[in-house]
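Reviewing the structure listed below.
Values quoted throughout were computed directly from the atomic coordinates according to the rules given, and no laboratory measurement underlies them. Just so it is clear, the model here is predicted, and its values are computed rather than measured. Positions of Cβ are generated from backbone atoms using ideal geometry, with glycine treated the same way; all protein chains shown enter the neighbour counts.
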Amino acid sequence: MKNLLRALVMSAAVLVAAACASASGSSRKAAAEPVTVEVSNQNRRDVRVYVVRGGTSVRLGTVVSGRTATFTYRGMSAGQSETLQVGADVIGGDARYTSGSVRVAPGERVALRVEDLIQSSSISVRRP
């Protein structure tokens, strides 16, 4: 009887260990290569830059008037291209630009040119 109980306990321990090992292995995601967002601000004012993915906005940072800044967006899934929008808000004003949807893959470069007339701003995707 003791041997049967000991065998059951050992079997249960092996099953639990195997379940934990497979669960932790499956929850690990391969890290996706980030997307580079380069912003050239030709507007008279500084702008806040953000990425919109799946309805969620993620702020990347601020670009001073007349300057270019490069940001890294790490919100991509590994090995998959996704649809994003990139936007800019004028600081101290109500002007806003949000690009149309663009398809971007990990490792690609998105270039946003913010114009003085913000509605004339443009976006492009550069493949590596």
HN-Hα couplings for the stretch 66-71 via Karplus (6.51, -1.76, 1.60; θ = phi - 60°), in whole Hz with x for Gly/Pro, come out as x, 10, 10, 9, 10, 10
Taking every other residue with Cβ under 13 Å from the Cβ of Ser81 and scoring Lys and Arg +1, Asp and Glu -1, one gets 0
Note, Asp94: beta-carbon cut-off 13 Å, +1 each Lys/Arg, -1 each Asp/Glu, net +2
Between Val64 and Thr98, the FRET efficiency computed from the C-beta separation at R0 = 25 Å comes out, to the nearest 0.05, as 0.75
For the Glu33, Ile91 Cβ pair and Förster radius 35 Å, calculated FRET efficiency rounded to 0.05 is 0.70
Counting Lys and Arg as +1 and Asp and Glu as -1 over every other residue whose Cβ sits under 14 Å from the Cβ of Val58, the net charge comes to +2
The Cα extents of the stretch 46-128 along the principal axes, largest first and rounded to whole Å, are 38, 25, 20
Contour minus Cα-Cα span, Arg53 to Ser122, at 0.36 nm per residue, comes to 23.0 nm
